[in-house]
Amino acid sequence: MNIGPLETGRPWPLGAHCVDGGVNFAVFSEHADAIELCLFDAAGERETTRLPMPGRSGDIWHGYLPAAGAGLVYALRAHGRWQPELGHRFDPDKWLLDPYAREIVGGLDWRRDSAHALKARVIDEPAPAADPPRPRTPPADTVLYEAHVKGLTMRHPGVPERLRGTYAGLASKAVIAHLRRLGVTAVSLLPVHQHLDEERLAAHGLTNYWGYNTVGFFAVEPRYASSAAPRDEFRAMVRALHAAGIEVILDVVYNHTAETDAAGPTISWRGLDNLAYYRTLPGEPGVLDNPTGCGNALNLGHPRVLQMVMDSLRYWAQQMEVDGFRFDLAPVLARGDEGFDACAAFLQCVAQDPVLAGLKLIAEPWDIGPGGYQLGAFPPGWLEWNDRFRDAMRRFWLAGASNRGEFAQRLCASSDTFQARGRAPAASVNFIAAHDGFTLRDLLTYEQKRNAANGEGNRDGSHANHGWNCGAEGETADPDVLARRALLQRALLATLLLAQGTPMLCSGDELGHSQDGNNNAYCQDNATTWIAWQSADEDLIAFTAGVLALRRGLRPLPAHWASGEPDAQGVVELAWFDLDGRALDASAWRDPQARTLGALIGAAGGADGAAHPLLLLLNAEREARQFALPDGVWTVRLDSANAAHSALRVRGGNRLTLSAHSLVLLAAAGGTKAAAR
């Protein structure tokens, strides 16, 4: 191809776009003195041409290359000051990756200068569908299933071997059938933006398995593709899940980049405009702020950095047709000079954006900076991971420091955190286990984490897990210990899936997957994290599916905030009582030893809209306990300790025995209304 000088071109859109028989390039840099476009051979190994960007519109550099098109490999060079103490790190000797790259060429080789590794390839994408069909499950009906694209399918016997660990594998009939059997409505995927493995991990033969180290906010991670067309395979996966009524939520990492701290590699943003792209300490432009713990934090207070994030979100929503996002370390995105700001520009932009309107937005509401814990502080419409639910449920069932008051509060979507701020109960994303921490089975198998394989001397990972090994540390053949663990798995799953709020199930917990005690398996791309389908507990899968069916059919706790006051018909929506059927006084709510609780739900609305009075009984003690039943005839719909009790009818005024470590849900026979005592 005969390459002449670049024409002036257009400043928008940012990135490289095929237009009018050529390619238009546009890149942001506020402080550069000049930007050059570098062209390479098809493999991206040899620079063939270097052209100065001829156009500048404000802080956008741009140029148009006639007679060029898709497949062209390019990088950038940025000229400017090298003054690290002032935040400027321009070095024209380094090739820089376009922040808007749709496809990334090359791989990071830590034995060489990493800046010479990554380039972008021009692609010509079709226009996105104007309004792609989506399941659009209401938040109140949503059940999340957190999963890793590779880990979910690498050992699944029903997935063709060549598709295991890929987007196509996740879209396979076997996986979709499992998701539909469970009754989940959305998969929440760990990061699928293209990412890098850190130097320390590479030196130890490990990888960043979770993927929280983004290098391409517009690029699909190619390691999860079974074909040479990752974007097409990803879109096909989304459409297959949509056809099954399942939404796709992406875990996105806009809080930091793979360039890490000041000693890290210069790949893209640092070389193009370090001072603009990254947060620095007040009055110290040469010192990176680090509320992420990853060495840097993107500066969403800058309009062009904010634009990049918004453009990326719209790209995945429109071009890739996903249904929402879970934002890693979300407070970073709303940080100003005074800390977290609930009215920050990012939150305002998302709120008014017509493309993102109606999609699901989920915050991980904490970072490690000052004032970084912000559970409940995000705007109406957002959902938030609720670690208070996780910890309270673990402590209550596993004999930690707890009381019935906190348990009931968390069971009812943490109204103390969300209700007063105008948030719906669905805002509380409830979970017992997630990718970060023990699996459910390991929570009941290990009290001490076993992270030596991570190469950090077992220093990494949380020390406060609120778990209980049930009498033996690690795997055991003791039948009593195994029975206790089985009881508690079912009780914890039932509590999660029947609670008010949005439940999130961690993949593998429904079948008893273990990570051998590793509670921080971020770098374990192996059988530690790949779901062990071959040893799946089929009874536990069936139990989980059954509880979710009850959630859909009975709606055991209302989707709105429940009142303890009688309605016009004298029916109390939700009332709590002790073993003897008495209302709890203040001291009983605070009793740190009591682990039994009953709830009478007098007017819960079922899927058919009718009232289905329900009775929820919980015994988290280590011995069986008897509950006095309210008046009426009750049918057992769920006994977490004994499936044979389903459909058992019991009459009010009698006592019902609950096994240790168990939960029972009953419905009033015939659907008659029951008044709370």
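Looking only at the range 620-645, residues that are at pLDDT 95 or above, assigned to a loop (DSSP other than H, G, I, E, B) and in contact with a helix residue (DSSP H, G or I) (Cβ under 8 Å, 6 or more places away or on another chain) come to 3 in all. Which one is nearest to PHE346 (Cα to Cα) among residues in the range 290-301 that are in contact (Cβ under 8 Å) with a residue 40 or more places away in the chain and open to solvent by less than 30 Å² (accessible area, probe 1.4 Å)? Per the stated criteria, the residue is LEU300. Could we say that LEU398 is closer than 29 Å to ALA472 by Cα, open to solvent by less than 20 Å² (accessible area, probe 1.4 Å) and touching a strand residue (DSSP E or B) at 6+ places or on another chain (Cβ under 9 Å) here? It is false that LEU398 is closer than 29 Å to ALA472 by Cα, open to solvent by less than 20 Å² (accessible area, probe 1.4 Å) and touching a strand residue (DSSP E or B) at 6+ places or on another chain (Cβ under 9 Å). Consider the range 251-271 and keep the residues that are among the aliphatic types (A, V, I, L, M) and touching an Asp or Glu at 6+ places or on another chain (Cβ under 9 Å). The one that is nearest to ASP323 (Cα to Cα) is VAL252.
Of the residues making up the range 502-519, those that are open to solvent by less than 10 Å² (accessible area, probe 1.4 Å) and more than 16 Å from ASP537 (Cβ to Cβ) are THR502, PRO503, MET504, GLY517, ASN518, ASN519. Of ARG390, ARG395, all but one fail to be more than 30 Å from GLN318 (Cα to Cα) and touching an Asp or Glu at 6+ places or on another chain (Cβ under 9 Å); the exception is ARG395.
For the range 586-598, the count of residues that are modelled with pLDDT of 60 or more, assigned to a loop (DSSP other than H, G, I, E, B), open to solvent by less than 50 Å² (accessible area, probe 1.4 Å) and farther than 23 Å from ALA491 by Cα is zero.
Residues that are within 25 Å of ALA34 (Cβ to Cβ), modelled with pLDDT of 95 or more and of a type outside the set (Asp, Glu), at least 2 per element: which strands (runs of 3 or more DSSP E) completely within the range 252-363 meet that?
On the way: elements: 284-288, 324-327, 360-363.
Because the criterion is at least 2 residues that are within 25 Å of ALA34 (Cβ to Cβ), modelled with pLDDT of 95 or more and of a type outside the set (Asp, Glu), the strands (runs of 3 or more DSSP E) in the range 252-363 that meet it are 284-288.
Within the range 408-433, residues that are within 23 Å of TRP589 (Cβ to Cβ) and in contact (Cβ under 8 Å) with a residue 40 or more places away in the chain have Cβ atoms under 7 Å from residues that are assigned to a helix (DSSP H, G or I) and small (Gly, Ala, Ser) in these pairs: ARG410/ALA392; PHE418/ALA427, counting only partners at least 6 apart in sequence or on another chain.
Going residue by residue through the range 226-234, is there one that turns out to be among the charged types (D, E, K, R), without any contact (Cβ under 8 Å) to a residue 40 or more places away in the chain and more than 21 Å from PRO128 (Cα to Cα)? Walk me through how you get there before you give the answer.
Kept after step one, since they are among the charged types (D, E, K, R), are these residues of the range 226-234: 231-233.
When the remaining residues are screened for being without any contact (Cβ under 8 Å) to a residue 40 or more places away in the chain, the result is 232.
Those still in the list that are more than 21 Å from PRO128 (Cα to Cα) too: none.
No, because not a single residue in the range 226-234 is among the charged types (D, E, K, R), without any contact (Cβ under 8 Å) to a residue 40 or more places away in the chain and more than 21 Å from PRO128 (Cα to Cα).
Which of the residues spanning the range 347-363 are in contact (Cβ under 8 Å) with a residue 24 or more places away in the chain and over 19 Å from the mean Cα position of the chain (by Cα)? If the condition is that a residue be in contact (Cβ under 8 Å) with a residue 24 or more places away in the chain and over 19 Å from the mean Cα position of the chain (by Cα), then CYS349, ALA351, ASP353, VAL355 are the ones that fit. If the condition is being at pLDDT 95 or above and either open to solvent by 40 Å² or more (accessible area, probe 1.4 Å) or among the acidic types (Asp, Glu) (or both), then the range 2-11 contributes GLU7, THR8, ARG10. Exactly one residue among GLY286, GLY336, GLY245 is surrounded by fewer than 19 Cβ atoms within 10 Å (Cβ to Cβ), in contact with a helix residue (DSSP H, G or I) (Cβ under 6 Å, 6 or more places away or on another chain) and touching a residue at least 12 places away in the same chain (Cβ under 8 Å), and that residue is GLY286.
Give the residue, chosen from THR445, THR476, that is closer than 22 Å to GLY400 by Cβ, assigned to a loop (DSSP other than H, G, I, E, B), open to solvent by 10 Å² or more (accessible area, probe 1.4 Å) and of a type in the set (S, T, N, Q).
Working: THR445 fails: open to solvent by 10 Å² or more (accessible area, probe 1.4 Å).
Just one listed residue meets the conditions, THR476.
Among the residues making up the range 498-550, a single one is touching a Leu at 6+ places or on another chain (Cβ under 7 Å), hydroxyl-bearing (Ser, Thr, Tyr) and closer than 30 Å to ARG200 by Cα: SER507. If you go through the range 489-514 and keep only what is at negative phi, out of contact with any helix residue (DSSP H, G or I) (no Cβ under 6 Å at 6 or more places or on another chain) and not in a helix (DSSP H, G or I), you end up with MET504, LEU505, CYS506, HIS513. Of all the listed residues (THR280, THR257), the sole one being within 25 Å of ILE60 (Cα to Cα), open to solvent by less than 10 Å² (accessible area, probe 1.4 Å) and of a type in the set (Val, Ile, Thr) is THR257. For the range 210-219, filtered to residues that are open to solvent by less than 10 Å² (accessible area, probe 1.4 Å) and of a type outside the set (S, T, N, Q), the residue that is nearest to ASN296 (Cα to Cα) is VAL215. Could you list, in sequence order, the residues of the range 343-363 that are out of contact with any helix residue (DSSP H, G or I) (no Cβ under 7 Å at 6 or more places or on another chain) and open to solvent by 40 Å² or more (accessible area, probe 1.4 Å)? Listed by number, the residues that qualify are CYS343, GLN348, ALA351, GLN352, PRO354, ALA357, GLY358.
Residue pairs whose Cβ atoms lie under 9 Å apart, separated by 6 or more positions or on different chains, with the first residue in the range 456-472 and open to solvent by 50 Å² or more (accessible area, probe 1.4 Å) and modelled with pLDDT of 95 or more and the second of a type in the set (Asp, Glu) and outside any loop (DSSP other than H, G, I, E, B), are HIS466/ASP391; GLY471/ASP480. Among strands (runs of 3 or more DSSP E) entirely within the range 40-103, having at least 2 residues that are surrounded by 19 or more Cβ atoms within 10 Å (Cβ to Cβ) singles out 60-66, 73-79. Among the helices (runs of 4 or more DSSP H) confined to the range 115-198, the ones with at least 2 residues that are of a type in the set (Val, Ile, Thr), surrounded by 16 or more Cβ atoms within 10 Å (Cβ to Cβ) and within 20 Å of the chain's Cα centre (by Cα) are located at 149-153, 173-182.
If you go through the range 305-361 and pick out every residue that is among the basic types (Lys, Arg) and in contact with a strand residue (DSSP E or B) (Cβ under 8 Å, 6 or more places away or on another chain), you end up with 2. Selection of first residues in the range 124-153 that are more than 19 Å from ALA177 (Cβ to Cβ) and of second residues that are open to solvent by 60 Å² or more (accessible area, probe 1.4 Å) and outside any loop (DSSP other than H, G, I, E, B), restricted to Cβ pairs under 7 Å at least 6 apart or on distinct chains, gives the following pairs, ordered by first then second residue: PRO128/GLN318. For the range 364-387, taking the residues that are under 17 Å from VAL253 (Cα atoms) and without any contact (Cβ under 8 Å) to a residue 40 or more places away in the chain, the one that is most open to solvent (accessible area, probe 1.4 Å) is identified as TRP366.
The values are calculated or read from the model by the stated rules, or taken from the named source; none is laboratory data. Just so it is clear, the model here is predicted, and its values are computed rather than measured. Neighbour counts run over all protein chains shown; Cβ positions are idealised from the backbone, glycine included. In case anyone asks, the SASA skips ligands and DNA or RNA and just uses the protein heavy atoms, side chains included. Shrake-Rupley method; radii C 1.70, N 1.55, O 1.52, S 1.80 Å.
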